There are 2 protein chains.
Amino acid sequence: MTSRASFRARLRDAVGVHGPLCVGIDPHPGLLAGWGLDPDADGVERFARGVVEALAGHVALLKPQVALFEVLGSAGLRALERTLADARDAGVLTVADAKRGDIGSTMAGYARAWLADDAPLASDALTLSPYLGVGALAPALDLAAATGRGVFVLARTSNPEAAGVQSAQAWVSAPTGRRMREVAQSVVDALAEHNAAHRDGPGDGSAGVVVGLTRGTTGRDHGLDLAGLGGPVLVPGLGAQGGTPADVAGAFGAPDGALGAAGGPVVPVSAREVLTAGPDPGALRAAVGALNGALTG
Amino acid sequence: MTSRASFRARLRDAVGVHGPLCVGIDPHPGLLAGWGLDPDADGVERFARGVVEALAGHVALLKPQVALFEVLGSAGLRALERTLADARDAGVLTVADAKRGDIGSTMAGYARAWLADDAPLASDALTLSPYLGVGALAPALDLAAATGRGVFVLARTSNPEAAGVQSAQAWVSAPTGRRMREVAQSVVDALAEHNAAHRDGPGDGSAGVVVGLTRGTTGRDHGLDLAGLGGPVLVPGLGAQGGTPADVAGAFGAPDGALGAAGGPVVPVSAREVLTAGPDPGALRAAVGALNGALTG
């Protein structure tokens, strides 16, 4: 346990200082080559720690893509541990993009792996996948709330294959009786309930959602009612994936990087567009500054 | 690439020799204590490798629960690498229970992490979670099919919180036009299509599903039509979780551990009921033999 402020409060403060951009740490082999690094654990570690060194103090949130460390096995996870330790030491917030999801004591294992104070992979927040139900993720939601950390649960992603699950219609309980609701919306609603039960203290707004930036690529809105969420929104899809800062403003109504419609910071993610500017630290910072300027301009 | 036989064929052969039981390798702190081991990476490694040493040659499939290694960070993954290497050397099949799921190059990273021949964590099969759509899992399905490995995609789990997603109604295309189908069934149907396209060679039946053993605990059937799957079915919930061998026979119609209704082996999973018999290798083998006897008797 800890007395640190809530993840939402810390993220809100960081967004206020630096702007809303979250930078993905995606050590793809192609990006490593562009930095003159080999696609091995040493190259991944230099790349990821280089991003932290260049951007700590200049960006609100860093998002390591866990798959691209895990592909190298334990050596890759060791590189991620060192990267996360650097970020902690430098005071920059991190969200481990791991999309974990399980039940019971197994879910509790994933929660402790990423959200416990003494975990080697301790991060400020963790992404989760709710195919087993948002309720099954409770061990992670509860640990995040207790330790001033956060979770971002997948609600709506922008890939076309997702509709068969996320746009399916589920029965939910409502004050007026059972009614049908889209799966993606029912995820948002369940997290809103969690946040409503943790209004004060380290758990305030600890439950966020992942909502892909769909408007730019498909012309559709995300179609979600985020007004009651009371937590942050992580928005992948900016830059190389086709979304623009104007799309963010259009979809989330937070052109100033402030709380947005969801009541927590709306944090767009870019990886490739920033990372291709490296390895020069000044160029990385300039790319971040340009994107934050476009997002808040 | 490899010329090994398909995962389904190898699993079918192993089930024919040993019986259908899959043993979970779940290094929970409580089980470690029962074996006289500490809940650290060394204890986890001794536990997991002890299970492999005792049961290789006596069980069809071993299922390490990745969360319980990951909770120890890179040191835990190193223990898992050594466990998987022991299993490869001993010729016992493994399924890494990681429930991974993402899109695009990130999903390809997870696929390579667990299903590539030269991966430190290479396993014979991997569990996947389809909240982003079964189509998004294609990099793993394709790599499994190419390398004679398998995947087990979550379809129906037995935890009550899952219904809001897995029992939601999705629009699907059908020869007679669009119709509504349960998400869990649409997952099965998408994998059946994949298997139909890989009838011969190393990809035969490479796409399996995870279907929880619900009957014993809830009185409900899984409610899925598995007849067209053409792949294996992994069935958690035996033993400590409340399901019985009779429930397996009732729900999957495969009392002899043969192909079952799905056209691939139906493989029930037990962890605690076997593992509490350890660390004595003979006692572990006796527990496996008793369960296999009950499943095929």
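The values are calculated or read from the model by the stated rules, or taken from the named source; none is laboratory data. Computed from a predicted model, the values in this text were never measured in an experiment. A quick note on method: Cβ atoms are made from the backbone with ideal geometry, for glycine too, and the neighbour counts reach across all protein chains shown. Heavy atoms of the whole protein, side chains included, go into the accessibility calculation; ligands, DNA and RNA do not. Shrake-Rupley method; radii C 1.70, N 1.55, O 1.52, S 1.80 Å.
Take B:Asp26 and decide whether it is among the acidic types (Asp, Glu), modelled with pLDDT of 95 or more and crowded, with 19+ Cβ neighbours inside 10 Å. The answer is yes for B:Asp26. Residue count for the stretch B:128-140 under the criterion of being part of a helix (DSSP H, G or I) and surrounded by 22 or more Cβ atoms within 10 Å (Cβ to Cβ): the result is 4.
Here is the figure for the stretch A:74-102: residues that are among the small types (Gly, Ala, Ser) and more than 18 Å from A:Gly57 (Cα to Cα) total 7. Among the residues of the stretch A:80-113, those identified as more than 9 Å from every other protein chain (Cβ to nearest Cβ) and among the hydroxyl-bearing types (Ser, Thr, Tyr) are A:Thr83, A:Thr94. Filtered by the rule that a residue be crowded, with 24+ Cβ neighbours inside 10 Å and either assigned to a helix (DSSP H, G or I) or touching a His at 6+ places or on another chain (Cβ under 7 Å) (or both), the stretch A:55-66 gives A:Leu55, A:Val59, A:Ala60. Mind checking whether some residue in the stretch A:36-43 is of a type in the set (D, E, K, R), open to solvent by 70 Å² or more (accessible area, probe 1.4 Å) and in contact with a Pro (Cβ under 6 Å, 6 or more places away or on another chain)? No, because not a single residue in the stretch A:36-43 is of a type in the set (D, E, K, R), open to solvent by 70 Å² or more (accessible area, probe 1.4 Å) and in contact with a Pro (Cβ under 6 Å, 6 or more places away or on another chain). Would the stretch B:141-151 turn up any residue that is open to solvent by 10 Å² or more (accessible area, probe 1.4 Å), within 9 Å of another protein chain (Cβ to nearest Cβ), touching a residue at least 24 places away in the same chain (Cβ under 8 Å) and part of a helix (DSSP H, G or I)? No; the residues of the stretch B:141-151 include none that is open to solvent by 10 Å² or more (accessible area, probe 1.4 Å), within 9 Å of another protein chain (Cβ to nearest Cβ), touching a residue at least 24 places away in the same chain (Cβ under 8 Å) and part of a helix (DSSP H, G or I). Restricting the stretch A:166-205 to residues that are within 13 Å of chain B (Cβ to nearest Cβ), among the charged types (D, E, K, R) and not in a helix (DSSP H, G or I), the residue that is most open to solvent (accessible area, probe 1.4 Å) is A:Arg178.
Taking the stretch A:4-40 as the range and being closer than 16 Å to A:Gly278 by Cβ, of a type in the set (D, E, K, R) and under 14 Å from the mean Cα position of the chain (by Cα) as the test, only A:Asp26 passes.
Of the candidates B:Ala48, B:Ala90, B:Ala98, the single residue that is among the aliphatic types (A, V, I, L, M), under 20 Å from A:Val71 (Cα atoms) and without any contact (Cβ under 8 Å) to a residue 40 or more places away in the chain is B:Ala98. Here A:Ala116 passes the criteria (1) in contact (Cβ under 8 Å) with a residue 12 or more places away in the chain; (2) in contact with a Pro (Cβ under 9 Å, 6 or more places away or on another chain); (3) among the small types (Gly, Ala, Ser); (4) within 12 Å of another protein chain (Cβ to nearest Cβ) except the one numbered (2). Here is a check on your reading of the model: is A:Asp124 more than 27 Å from B:Leu31 (Cβ to Cβ), more than 17 Å from the chain's Cα centre (by Cα) and either more than 7 Å from chain B (Cβ to nearest Cβ) or open to solvent by 10 Å² or more (accessible area, probe 1.4 Å) (or both)? Criteria not met by A:Asp124.
Just to be sure I understand, how many residues within the stretch A:81-127 are among the charged types (D, E, K, R) and in a strand (DSSP E or B)? So the answer is 3.
Note on the stretch A:2-25: residues that are assigned to a loop (DSSP other than H, G, I, E, B) and touching a helix residue (DSSP H, G or I) at 6+ places or on another chain (Cβ under 6 Å) amount to 5. Can you pull out the residues in the stretch A:273-295 that are open to solvent by 60 Å² or more (accessible area, probe 1.4 Å) and at pLDDT below 95? Result: A:Glu273, single match.
Please verify whether the stretch A:225-241 includes one or more residues that are within 13 Å of another protein chain (Cβ to nearest Cβ), small (Gly, Ala, Ser), over 19 Å from A:Val134 (Cα atoms) and open to solvent by 30 Å² or more (accessible area, probe 1.4 Å). So far as the stretch A:225-241 goes, yes, one or more of its residues are within 13 Å of another protein chain (Cβ to nearest Cβ), small (Gly, Ala, Ser), over 19 Å from A:Val134 (Cα atoms) and open to solvent by 30 Å² or more (accessible area, probe 1.4 Å).
Just the residues that are within 25 Å of B:Thr106 (Cβ to Cβ) and assigned to a helix (DSSP H, G or I), please, taken from the stretch A:271-284. Matches in the stretch A:271-284: A:Arg272, A:Glu273, A:Val274, A:Leu275, A:Ala283, A:Leu284.
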